[in-house]
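Report on the structure given below.
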Amino acid sequence: METVFTPWQSLGGGALIGVASVLLMASLGRIMGATGVLAGLLYPANWSDWSWRAAVLAGMVSAPLVISLLTGQMPAVQVPVSTPMLVIGGFIVGLGVTYGSGCTSGHGVCGMARLSPRSIAAVITFMITTGLTVYVVRHVIGG
Amino acid sequence: MRLIASYIIGLIFGVGISISGMANPAKVLNFFDVAGAWDPSLIFVMGGAVVVTFIGYRFVLKRPAPMLEQKFQLPTRRDLDLPLIGGSAVFGIGWGIAGFCPGGALPALGTGKSEVFIFVAALLAGIFAVNIMNRMRQMRSATA
């Protein structure tokens with residue numbers, strides 16, 4: 001499936017992700033990471049620890065609706081992946097981010113911005129394995 | 001106040017993710033498909049996000065404390081260990097298979113597409129599986 005190259009839209013979206021990360025640090029003193037938000041919702045330490053994460057999640061989930069109200073259309077979510085592969089992939093992502101204590105937002109944005117050696121190593125590692133996996137799925141198995 | 005701030009921050013993050021293309025597996029997978037239908041857009045997402053965060057953190061972390069809490073909660077570890085590297089490697093395999101990462105999938109839930117719910121359910125199952133395994137290991141070492 002071909003997709004259109006969108007440098008400006010992607011740069012703007014990325015900048016907003018950055019703004020959210022900075023605001024969360026400025027207000028609550030926390031790392032903006034999707035893995036951390038989810039894990040803290042599933043295994044809360046206490047009410048105040050749970051409630052801010054629930055509010056962040058509610059904000060995230062309402063974003064497509066807000067975009068569709070402003071622009072008249074939902075953001076594109078095209079899934080060129082079969083249901084069994086979504087299930088397998090999702091489960092593997094769950095294992096990986098829990099052991100690796102983070103994903104693209106926590107390590108990839110916040111950790112990289114802090115020049116954390118753990119995050120830089122994590123990002124290099126998952127960029128390589130993601131690239132290899134896409135190559136194998138599309139050009140070795142699928143080709 | 002904390003909850004309103006958190007909601008707005010989640011909304012900004014979700015809007016950023018949605019317009020950037022990170023919530024769209026077709027775009028994510030094409031970013032990694034250098035040998036095929038390559039779409040380099042996502043490097044601009046990463047670049048924009050890291051640069052803004054890098055600059056913003058310089059100012060924010062100079063302050064003695066965040067506005068609504070007592071202190072900043074920053075990871076302090078700097079060592080590289082097997083769970084970090086192995087876990088990240090495994091995450092990449094899953095990301096390459098499904099095209100969704102957690103930060104992309106959570107805002108995408110708001111589109112109501114069934115594929116996103118399937119992915120997130122499997123993601124939660126993976127997180128639970130690790131926690132159950134860890135708990136069993138703790139119990140075994142406690143009784144041994």
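The values are calculated or read from the model by the stated rules, or taken from the named source; none is laboratory data. In this text the structure is predicted, and so the values were computed from the model without any measurement. Glycine also receives a Cβ, built like all others from the backbone with ideal geometry; neighbour counts cover every protein chain displayed. Just so you know, the surface numbers come from the protein's heavy atoms only, side chains and all, with ligands and any DNA or RNA stripped out. Shrake-Rupley method; radii C 1.70, N 1.55, O 1.52, S 1.80 Å.
Overview of values
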{"read-out": "Given (1) β-branched (Val, Ile, Thr); (2) under 23 Å from A:Val37 (Cβ atoms); (3) within 7 Å of chain B (Cβ to nearest Cβ); (4) open to solvent by 20 Å² or more (accessible area, probe 1.4 Å), index of the condition A:Ile120 fails", "value": "(3)"}
{"read-out": "Flag for B:Arg77 being farther than 28 Å from A:Pro64 by Cα, in contact with a Leu (Cβ under 9 Å, 6 or more places away or on another chain) and basic (Lys, Arg)", "value": "yes"}
{"read-out": "Matching entry among A:Ala39, A:Ala45 (being more than 7 Å from chain B (Cβ to nearest Cβ), out of contact with any Pro (no Cβ under 7 Å at 6 or more places or on another chain) and closer than 21 Å to B:Thr76 by Cβ)", "value": "A:Ala45"}
{"read-out": "Some residue of segment B:78-88 being farther than 26 Å from A:Gly40 by Cβ, open to solvent by less than 20 Å² (accessible area, probe 1.4 Å) and without any contact (Cβ under 8 Å) to a residue 40 or more places away in the chain", "value": "no"}
{"read-out": "Residue identified as within 7 Å of chain B (Cβ to nearest Cβ), crowded, with 24+ Cβ neighbours inside 10 Å and not in a helix (DSSP H, G or I) among A:Met25, A:Met32", "value": "A:Met32"}
{"read-out": "Any hit, segment B:105-123, residues being under 15 Å from the mean Cα position of the chain (by Cα), among the polar types (S, T, N, Q) and in a helix (DSSP H, G or I)", "value": "no"}
{"read-out": "Qualifying residues in segment A:99-109 (those that are among the small types (Gly, Ala, Ser) and in a helix (DSSP H, G or I)) - the one nearest to the other protein chains (Cβ to nearest Cβ)", "value": "A:Gly108"}
{"read-out": "Any chance A:Gly18 is within 14 Å of A:Thr104 (Cβ to Cβ), facing chain B (nearest Cβ under 7 Å), out of contact with any Asp or Glu (no Cβ under 7 Å at 6 or more places or on another chain) and at pLDDT 95 or above", "value": "yes"}
{"read-out": "Members of segment B:114-126 that are farther than 17 Å from A:Leu41 by Cβ and more than 7 Å from chain A (Cβ to nearest Cβ)", "value": "B:Ser114"}
{"read-out": "Selection count where residues are surrounded by 22 or more Cβ atoms within 10 Å (Cβ to Cβ) and either assigned to a helix (DSSP H, G or I) or of a type in the set (Lys, Arg) (or both), scope segment A:58-98", "value": "15"}
{"read-out": "From B:Thr53, B:Thr143, B:Thr111, residue being surrounded by fewer than 13 Cβ atoms within 10 Å (Cβ to Cβ) and either over 20 Å from A:Val109 (Cβ atoms) or at the interface with another protein chain (Cβ under 7 Å from one of its Cβ atoms) (or both)", "value": "B:Thr143"}
{"read-out": "Check on A:Ala63, over 24 Å from B:Phe44 (Cα atoms), of a type outside the set (Val, Ile, Thr) and within 7 Å of chain B (Cβ to nearest Cβ)", "value": "no"}
{"read-out": "Count - residues of segment B:65-92 that are of a type in the set (D, E, K, R) and either within 16 Å of the chain's Cα centre (by Cα) or more than 7 Å from chain A (Cβ to nearest Cβ) (or both)", "value": "2"}
{"read-out": "Where A:Phe5 falls short, out of the listed (1) at pLDDT 95 or above; (2) part of a helix (DSSP H, G or I)", "value": "(2)"}
{"read-out": "Residue match in segment B:3-14 (condition: touching a residue at least 60 places away in the same chain (Cβ under 8 Å) and either closer than 21 Å to A:Thr71 by Cα or open to solvent by 30 Å² or more (accessible area, probe 1.4 Å) (or both))", "value": "yes"}
{"read-out": "Hits in segment A:10-22 (condition: without any contact (Cβ under 8 Å) to a residue 40 or more places away in the chain and open to solvent by less than 20 Å² (accessible area, probe 1.4 Å))", "value": "A:Ser10, A:Gly13, A:Gly14, A:Ala20"}
